[in-house]
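Notes follow once the structure below has been shown.
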Amino acid sequence: MKKNLFSIYFIIVLAFLAGCGAVEEKSASNTGSDSSEKTLVMATSADYPPYEYVETAKGGEIVGFDIDVANHIAKKLGYKVEIKDMDFNGLIPALDSGKADFVIAGMTPNEERRKTVDFSDEYYAAQQLIVTKDKTIKSVENLEGKTIGVQLASIQEKEAEKLLKDHKFEVVQRNKVTELVQEMKSNRVDAAIIEDAVAYEFLKKNKDLSSFALPNTDAAGSAIAFPKDSKLTKEFNEELNKMKEDGTLDELVEKWFGVKK
Ligand code: ARG
């Protein structure tokens, strides 16, 4: 009898452990809404306030506009989200290799990226700014001979390359926007190309920096990226459009960007 009780206990423990395993099971390849796999792996580059950044006051939690958008959509669709933070240039490879189910990182859809990933509709648009500590840099002409920082693999890197056709300066790439800001503060980089909302966040905290608009650039939208042919693209798009219609997206824009669109 005792032995029987013991084996029943043993079986219960085993069943419990197996259960935990199933809950822990993560999906980075699951593209459907199979109810046995409810956690989606979301990759981002949390160097980009107010889109996504590490909130030290909240014990290092990753927060921001994108995180709220992703959580809202995932919740509506019945998924949990697990966040993976990485360098911006690792995001598309993460989708490609099945390490993430989607990427939300203020990422702008362009032709080159569309060759490897699918995008949702756009949910926000930004402009490019030149950010600098150097008071003599007031226009693009003043960039001659200077060192200009951009985030590696970003569209800002492309903007710098375009400028190089008519101007002479050195381009330096960094993995994180936070590093670009540090490099400017310590005079290793003269100026950086950064998106408006992100630049304003850094300007607020670094009074030695100032900015001006980079002319001749198109508005750069943000969209969510998925592995090619993921079923999630359509599911997410439907919820994203509902958010646009019912005012949820506007509320989040106001919460994080402080402006009504
Ligand atoms: N919008 C730009 C791009 O797509 C920059 C995005 C950078 N995002 C980030 N989380 N650091 O290239």
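Within region 89-123, being assigned to a helix (DSSP H, G or I), farther than 13 Å from K228 by Cβ and either open to solvent by 20 Å² or more (accessible area, probe 1.4 Å) or free of Cβ contacts under 8 Å to residues at least 24 places away in the same chain (or both) holds for N89, G90, P93, E111, E112. In this entry, T147 passes the filter for residues that are surrounded by fewer than 20 Cβ atoms within 10 Å (Cβ to Cβ) and farther than 24 Å from M86 by Cβ. Of note, V172 satisfies the criterion of being touching a residue at least 12 places away in the same chain (Cβ under 8 Å) and in a strand (DSSP E or B). Among the residues making up region 44-71, those that are in a helix (DSSP H, G or I) and crowded, with 17+ Cβ neighbours inside 10 Å are F65, D66, I67, D68, V69, A70.
One residue stands out among those in region 178-235 that are of a type in the set (S, T, Y) and either outside any helix (DSSP H, G or I) or on the phi > 0 side of the Ramachandran plot (or both): the one that is nearest to the ligand (Cβ to nearest atom), which is S222.
The values are calculated or read from the model by the stated rules, or taken from the named source; none is laboratory data. Note that the coordinates shown come from a computational prediction; the quantities given were computed from them, not determined experimentally. So basically every Cβ, Gly included, is an ideal-geometry build from the backbone, and we count neighbours across all protein chains shown. Please note that ligands, DNA and RNA were not included when accessible areas were found on the heavy atoms of the full protein model with its side chains. Shrake-Rupley method; radii C 1.70, N 1.55, O 1.52, S 1.80 Å.
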